[in-house]
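A.B. asks: Starting off with a structure, shown below.
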Amino acid sequence: MISWPGLVAQLTEIVLAVLLAPVLLGWVNQCRAWLQNKSGPGILQPYRTLRKLFAKEAVLAHTASPLFRATPYVLFACMCLAAAIVPTLGTDLPFSPAADAIALVGIFALARVFIALAAMDIGTAFGTLGARREMMVGFLAEPALLMVLFTASLISHSTSLATIVERLAHMQFVIYPSLAFAGVAFTMVSLAENARIPVDNPSTHLELTMIHEAMVLEYSGRHLALIEWSAALKLFVYSCIGIALFFPFGIAEGGDALGLLLALPALVAKLAVGGFAMAVIEMVSAKMRIFRAPEYLGTAFLLAVLAMLIHLLLES
Amino acid sequence: MPASGSALQLILGVILLWLALGLAGVFFPRNLHLVSRVLFPAGALGALALAAAALDALGGAAQSLVLPLGLPDLPFHLRLDALSAFFLLLLGAVTAGISVFAAGYFRQGEGTPPGLQCLYYHVFIASMALVLLADDAYAFMVFWETMALSSYFLVTSDHTKAEIRRAGFLYLLIAHVGAIGILLCFGVLHGTGDYTFDTMRAVQLAPFWATVAFALALFGFGAKAGMLPLHVWLPEAHPAAPSPVSALMSAVMLKTAIYGLLRVLFDLLHLQVWWWGVVILGLGLATALYGVVFSAVQSDMKRLLAYSSIENIGFILVGIGLAVTFQAYGMRALAALSLTAALYHSINHAFFKSLLFLATGSVLHATRERALGKLGGLIHRMPWVAWLALIGTLAIAGLPPLNGFVSEWLLLQAFLFSPTLPHAYLNMLVPVAAAAVVLAAALAGYVMVKFYGVVFLGQPRETSLATAHDAGIWERAGLVWLAAGCIALGVAPVAVIGIIDAVSGQLLGRTLGASATGWMFLTPISADRASYAPFLFLIVILFVWLLTWLAVRYFYHGGLRRAPPWDCGFPAQTARMQDTAEGFGQPIRQVFEPFFRMQRDLPTPFDAKPRYRVTVEDRLWYWLYLPIVRVTEMLTRVVTLLQRGRISVYLTYSFVTLLVLLLFVR
């Protein structure tokens, strides 16, 4: 069942995701800078950061256990696997039977548990604080994300992401109100999961408000580089999930080469628009107090459940 | 591997061996060497043989046997069918690990002498095996009670402490209240014939009486399983017991209740009604959420795990509820899917929960500390226990590619089919129930990060932890066996479902058929619909890990320097500044505040030695149990009025009774 073009497309997709992910992050930061009337560091800045971090010596706390050193690699592997199963260019993915939409949420959960454990490993005040907050955001965001994917699965009668995309792409003349609700819920969840405003601020320097940054405070050198890269990959994968679920047009079906070639500019364009939208959202909203986050994520969860109910009530 | 016909005999042989080992312990109560080096390892070997025999019997026809024991006209009927064999397999496989661990665990001078522990322990596992084999109500109840009593003695093995005696009493009380329910259930089921299960299968009950039998079974077995609101004994009894016993109770004894429920629902009752399934589903959801929310705020590691057992029982009940509803509507393939999820979760929970309970046992022995707030940093002192416990932690948090995820995945797949239910409200409400399942599963991740992070990671919170030692060779062996089970169950789901199919074939007349595309891909229903390949998953993760590691090594230097923790440049960092269990549970206390009955003592800012105290209690205890206690007390006061302590009064009672009897009987 594994075809050669499929395998080539699969590997291209993973490599593309790994290489393009920092650009997306750079693009979002650049847009934000422009919107704030600053000139910005350029969209290639994340690469320079990564190169610098990889070249640096890693400083490790005396109390760090092997778990702490293994975590960056686990994170990176999880995000690569996630990138492998989300259809970005084509739907003919040999890896796609390995993990479906539910397993995708499982991959993100695995990564989150590992980084939270690593944050607790050193035994500093900020590390445990970050771990606790991250797990709080996680246990609220994870069900919301799964409910969004559930809605899409109910519409397309499959939990395989490739099949979901194929079926959703063929329904462009039917309006799905449930997908609109799910889309809003998904946007809210992806902001929270990727440590963006309004739940977390990626560029904060105030330790007391940190979530993600507090967890990785003790990392340095190549470990930090891998974590930063994984974070960029996570943003990329989330954006691709959003595109796959809500704007699947242009993703090649099957393994035809022309479709894949056309899918690439379509993907880049969609990501550019999505990144700009994210920068706008971050510009116009303020960071919430940490205990407003449950309300925010609870809203996302309810919207996702509502999306499912609407589908069951009106569309089935 | 024995010939198929002799599997039942072999299992009975193992049970006899266990009883003999227990008796041997009685004759040498203080001979620790004999108990730990001969009796417990022999018991573990017996458990392995039992698991092998059960595995062998799974595919074959049911075997039965009449034991001429018990009362003159009531021999014990035993029967080994697929359902019994599956739970015996679970019992044998898990007990093998726990017995090996117990060989290194029981010591001199900790409550009951080791020889007596050995007796209770082996009687306990033997009675659980016999409960699973029993084929008439009389034998079932005798073994059920033996199980309750032997575990009571195990729970109270440290009986010098008042709170342990109290926990034991509560356990015994609820076990017996539940047993009454089961007894009455059998009473309803048997119709007019004798008490063998064969008779019960043949009886055609009216729907009303079938519902009564269902309600009694749910009550009776629910009390044993820790279903809401009969769960209160569980968080008391599990921490009180020695760790191998907590592991056995949580891993196997709770499953005998699940077994009993399945036996009554799908085997003895000849019909299923759709709303029974909804009732079980609702109770299961409530149990799962309640269990996980409470487990998040515990600060005693064994209580945390006990509440997490309640949560897992909730998941199993959800699966059973879905199976009943689907079966009632004749949707057998989906019923098989839900039942498979429930059974898969049963065996998963048996493995990871016993692994974690045993790990807490090692920690307890090494540190003499059960409070999470006084542990920490044990990964450096106890690497074996810590790394093996990490496997259990990831498994119980429901993370791929380990076993907990597989059963949750199957359960969610079953939910995804619930919109096809031919009932106008169910087809909308049941899918939404999936949201609650997902919330509970995500919270389980929170709880396990708290458990593992506070116990094993960070810096030691007490100086005494510096002398903690790793587990001995026997304890390690037991832990390794269970951890290997977690991995195997996680990466080879198709093989496991092949085993479970025998059970769903017997109970539902339909098997799931786990894969259409080879052993690697788990594709229930159809490959197009959903597929999951945990082995491939694991391979990809390990491959990318290796590739990244090599690439980083090759392109950049591997320079590394050890330094004090940075912590934003704060130099006066101490171990007490880490989150304690209470600190880590604080978001949960805030988000789920209505669940708890909380009392907080906050220090004023001017306290020289500030103390912060928070107690979190179960509201159900105040809403349900204390009123019952009050009513009981009131009734006893009324009854005491009869008791005068004077013989003339009692003679008057006898006289009046006689008169009344004469009047009615004539």
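A.B. asks: Using +1 on the beta carbon of Lys and Arg, -1 on that of Asp and Glu, and nothing else charged, what's the dipole of chain B about the Cα centre, debye to 20?
C.D. replies: The calculated dipole for chain B is roughly 1360 debye.
A.B. asks: Anyone know which of A:197, A:251, A:175 comes out most mobile in the 10 Å Cα GNM of chain A?
C.D. replies: Of A:197, A:251, A:175, the Gaussian network model singles out A:175 as fluctuating most.
A.B. asks: Residue by residue through the stretch A:11-19, what is 3J(HN,Hα) from phi via Karplus (6.51 cos²θ - 1.76 cosθ + 1.60, θ = phi - 60°)? Round to whole Hz and write x for glycine and proline.
C.D. replies: With the stated coefficients, the stretch A:11-19 comes to 5, 4, 4, 5, 4, 4, 4, 4, 7 Hz.
A.B. asks: Compute the separation of the alpha-carbon centres of the stretch A:134-172 and the stretch A:199-247 and state it in Å as a whole number.
C.D. replies: Here the answer is 22 Å between Cα centres.
A.B. asks: In percent, what relative contact order does chain B have, based on Cα pairs under 8 Å that are 6 or more apart in sequence?
C.D. replies: Dividing the mean separation by the residue count of chain B yields 12 percent.
A.B. asks: Next question. Order the peptides B:353-359, B:39-45 from the highest to the lowest mean number of other Cβ atoms within 10 Å of their residues.
C.D. replies: B:353-359, B:39-45
A.B. asks: With θ set to phi - 60°, apply the Karplus curve 6.51 cos²θ - 1.76 cosθ + 1.60 along the stretch B:142-158 and write out the HN-Hα couplings as whole Hz, x wherever there is a Gly or Pro.
C.D. replies: These are the phi-based 3J(HN,Hα) values: 4, 5, 4, 5, 4, 4, 5, 5, 4, 6, 4, 5, 5, 4, 8, 5, 9 Hz.
A.B. asks: Let me know the mean shielding of A:91-98 by other chains, meaning the per-residue number of their Cβ atoms within 10 Å of its Cβ.
C.D. replies: For this peptide, the per-residue mean of nearby foreign Cβ atoms is 4.
A.B. asks: Collect residues whose amide H, placed 1.01 Å from N in the peptide plane, falls under 5 Å from the amide H of residue A:60; neighbours closer than 5 in sequence don't count.
C.D. replies: Residues meeting the criterion, in which the H sits 1.01 Å from N, are B:561, B:562, B:563.
A.B. asks: Hey, another quick one. Search the structure for amide H atoms under 5 Å from the amide H of residue A:90, placed 1.01 Å from N in the peptide plane, and list their residues when 5 or more places away or on another chain.
C.D. replies: Hits under the 5 Å cutoff: A:252.
A.B. asks: Over the Cα atoms of the stretch B:1-92, how large are the radius of gyration and the largest Cα-Cα distance (Dmax), in Å?
C.D. replies: For the stretch B:1-92, the Cα-based Rg and Dmax read 15.1, 45 Å.
A.B. asks: On to the next question. Report, to two decimal places, the Cα Rg of the protein assembly as shown normalised by 2.2 N^0.38 Å (N = number of residues).
C.D. replies: Dividing the Cα Rg of the protein assembly as shown by 2.2 N^0.38 Å gives 0.97.
A.B. asks: Let me ask another. Residue by residue through B:569-577, how many Cβ atoms from other chains fall within 10 Å of the Cβ on average?
C.D. replies: 2
A.B. asks: Mind checking the mean number of beta-carbon atoms from other chains within 10 Å of the Cβ atoms in B:425-433?
C.D. replies: 3
A.B. asks: Would you kindly give the portion of the calculated P(r) for the stretch B:209-365 that falls above 19 Å, as a percent of all Cα pairs?
C.D. replies: 50 percent
A.B. asks: Nearest 20 debye, what's the magnitude of the dipole of the protein assembly as shown about its Cα centre given +1 on Lys and Arg Cβ and -1 on Asp and Glu Cβ?
C.D. replies: Dipole size: approximately 2080 debye.
A.B. asks: Still on this structure, I have one more. Tell me which residues come under 5 Å, amide H to amide H, from residue B:300 once H is placed; ignore anything under 5 positions away on its chain.
C.D. replies: B:372
A.B. asks: Calculate the all-directions average of the projected area of the stretch B:515-635's alpha-carbon convex hull, and give it in nm².
C.D. replies: Computing the convex hull of the Cα atoms and averaging its projections yields 19.3 nm².
A.B. asks: Another one. If you build a Gaussian network model of chain A, linking Cα atoms that sit under 10 Å apart, which residue out of A:151, A:91, A:12 swings the most?
C.D. replies: Top of the fluctuation ranking is A:12.
A.B. asks: When you have a sec, figure out the Kirkwood radius of chain B from all distinct Cα pair distances and drop it here in Å to one decimal?
C.D. replies: 26.4 Å
A.B. asks: Only four residue types carry charge here, +1 at the Cβ of Lys and Arg and -1 at the Cβ of Asp and Glu. Report the dipole size of the stretch A:4-315 about the Cα centre in Debye, rounded to the nearest 20.
C.D. replies: Using Cβ point charges on Lys, Arg, Asp and Glu, the stretch A:4-315 gives about 820 debye.
A.B. asks: Net charge within 12 Å of residue B:143 by Cβ-Cβ distance, Lys/Arg positive one each and Asp/Glu negative one each, not counting residue B:143 itself?
C.D. replies: Net charge around residue B:143: -3.
A.B. asks: Determine the calculated [θ] at 222 nm for chain A from helices alone, applying -39500 (n - 2.57) to every DSSP H run no shorter than 4 residues and normalising by the residue count; nearest 500 deg cm²/dmol.
C.D. replies: Mean residue ellipticity at 222 nm (helix-derived): -23500 deg cm²/dmol.
A.B. asks: Residue by residue through the stretch A:179-189, what is 3J(HN,Hα) from phi via Karplus (6.51 cos²θ - 1.76 cosθ + 1.60, θ = phi - 60°)? Round to whole Hz and write x for glycine and proline.
C.D. replies: For the stretch A:179-189, the Karplus-derived couplings read 5, 5, 4, 4, x, 4, 4, 5, 4, 4, 5 Hz, x marking Gly and Pro.
A.B. asks: Ignoring everything except DSSP H segments at least 4 long, calculate the 222 nm mean residue ellipticity for chain B; use -39,500 (n - 2.57) per segment, divide by total residues, nearest 500.
C.D. replies: -22000 deg cm²/dmol
A.B. asks: Next question, about the same structure. Expressed in whole Å with the largest first, what are the equivalent ellipsoid semi-axes of the stretch A:4-315 derived from the C-alpha gyration tensor as the square root of 5 times each eigenvalue?
C.D. replies: 30, 23, 19
A.B. asks: Kindly state, to the nearest 0.05, the FRET efficiency for residue A:69 paired with residue B:577, given R0 = 22 Å and r defined as their beta-carbon distance.
C.D. replies: Approximately 0.45, to the nearest 0.05.
A.B. asks: Where a Cα-Cα gap under 22 Å defines reach, which lysines qualify for residue A:287, not counting those fewer than 8 residues away within the same chain?
C.D. replies: Filter leaves A:38, A:234.
Read-outs: derived from the displayed coordinates by stated rules, not from any lab. All values reported here derive from a predicted model rather than from experimental measurement. Note: ideal-geometry Cβ built from the backbone for every residue, glycine included; neighbour counts use all protein chains shown.
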